[in-house]
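One structure is given here, and the rest of the page talks about it.
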Amino acid sequence: MTMETKYQKIEGIVARELSCSAHAMEHVMRVYNLCLHLTKYELNVDRDVLKTAALLHDIARVKEFNDKTGNIDHSVLGAKMAEKILRTLGYSEEQIAHVKHCIAAHRFRSKVKPQTKEAKTLFDADKLDVLGAIGIARSFMIAGQYGQKIYSDISIQEYLKDNVVEEKADGRVRDISKHTPNLEFELKFKLVSERLYTQKAREIAKERLQFMENFFEKLKREIKGEC
Ligand SMILES: [Fe+2]
Ligand SMILES: [Fe+2]
């Protein structure tokens, strides 16, 4: 079986797993494409491992979402699901172990931190997907889902006191309906670039964050009737 056939089979399996969430599958394909882009700037990347891991990284996302116990972590379960799939497709034990590491280490809050170039690239591509034009589009889709306002003019200090656990920027938001895209940008997205591993991803993050900064500034002015 060629690698292309394997990727097609994996994409089909993941699409079925995520069939109730079109956004999740769209995200997977953006991360896959971004991984390919980032590899142009890195030497000695195992593209077979990276492409496979990118396609599989969120395979357990819907399972985590539907889990009422809160015990499912999609990076942990995803790595286990990937192992079974890759064995049936004839991947080597070494490749399977490597793909599993990439999946296990792809979240901010994963206990496992990315150790390899492939795992670092997947981590970065996944995080870049909350930034830039796509980040804005995604945050407004979420805002619509939770009945949030388009913009909030509250000061960050006041908001942290009012709606964030322990008043920490990375703390959990208490009432999601009081949250807005510009607050998410100030509290979370601005911190993303510090946590990226690859040089090219940091450059892309900088450009995407500037675009968002300009967008939210203009949004604020338009809301106030200033332009
Ligand atoms: Fe994920
Ligand atoms: Fe993801």
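The values are calculated or read from the model by the stated rules, or taken from the named source; none is laboratory data. What you see is a predicted model; the values in this text were computed from it and never measured. Here the Cβ is made from the backbone with ideal geometry for all residues, glycine too, and neighbour counts use every protein chain on show.
Under 9 Å between Cβ atoms, at least 6 apart or on separate chains: pull out the pairs that start in region 1-16 with a residue that is at pLDDT below 95 and end on any residue that is assigned to a helix (DSSP H, G or I).
Filtered contacts from region 1-16: 1/9.
Listed here are the residues, each with its yes/no results for (1) within 22 Å of residue 209 (Cα to Cα); (2) touching a residue at least 60 places away in the same chain (Cβ under 8 Å).
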{"site": "153", "(1), (2)": "yes, yes"}
{"site": "162", "(1), (2)": "no, no"}
{"site": "165", "(1), (2)": "no, no"}
{"site": "170", "(1), (2)": "yes, no"}
{"site": "182", "(1), (2)": "yes, no"}
{"site": "186", "(1), (2)": "yes, no"}
{"site": "190", "(1), (2)": "yes, no"}
{"site": "198", "(1), (2)": "yes, yes"}
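From the list 111, 80, 68, which residue is free of Cβ contacts under 8 Å to residues at least 24 places away in the same chain, charged (D, E, K, R) and within 21 Å of residue 193 (Cα to Cα)?
111
If we keep just the residues of region 54-69 that are part of a loop (DSSP other than H, G, I, E, B) and not basic (Lys, Arg), which is farthest from ligand 2 (Cβ to nearest atom)?
The residue in question is 69.
Would you tally the residues in region 169-214 being in a loop (DSSP other than H, G, I, E, B) and under 15 Å from the mean Cα position of the chain (by Cα)?
Within region 169-214, residues that are in a loop (DSSP other than H, G, I, E, B) and under 15 Å from the mean Cα position of the chain (by Cα) number 3.
I need the full set of residues from region 122-140 which are charged (D, E, K, R) and crowded, with 21+ Cβ neighbours inside 10 Å, in order please.
Within region 122-140, 124, 126, 127 meet the criteria.
Here is a yes/no grid of residues against (1) more than 25 Å from residue 200 (Cβ to Cβ); (2) more than 15 Å from ligand 1 (Cβ to nearest atom):
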site	(1), (2)
6	yes, yes
23	yes, no
35	no, no
55	no, no
62	yes, no
84	yes, yes
99	no, no
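Any chance you could count how many residues in region 65-76 are surrounded by 12 or more Cβ atoms within 10 Å (Cβ to Cβ) and either more than 22 Å from the chain's Cα centre (by Cα) or of a type in the set (D, E, K, R) (or both)?
2
In this structure, does residue 42 turn out to be more than 16 Å from ligand 2 (Cβ to nearest atom), at pLDDT 95 or above and either more than 15 Å from the chain's Cα centre (by Cα) or not assigned by TED's automatic domain parsing to the domain that holds residue 11 (or both)?
no
Confirm whether residue 143 is away from ligand 2 (no atom under 15 Å from the Cβ), assigned to a helix (DSSP H, G or I) and exposed (fewer than 14 other Cβ atoms within 10 Å of the Cβ).
Judged against the criteria, residue 143 is not a match.
Give the number of residues within region 77-113 that are within 16 Å of ligand 2 (Cβ to nearest atom), buried (at least 19 other Cβ atoms within 10 Å of the Cβ) and of a type in the set (Val, Ile, Thr).
Residues flagged as within 16 Å of ligand 2 (Cβ to nearest atom), buried (at least 19 other Cβ atoms within 10 Å of the Cβ) and of a type in the set (Val, Ile, Thr) within region 77-113 amount to 2.
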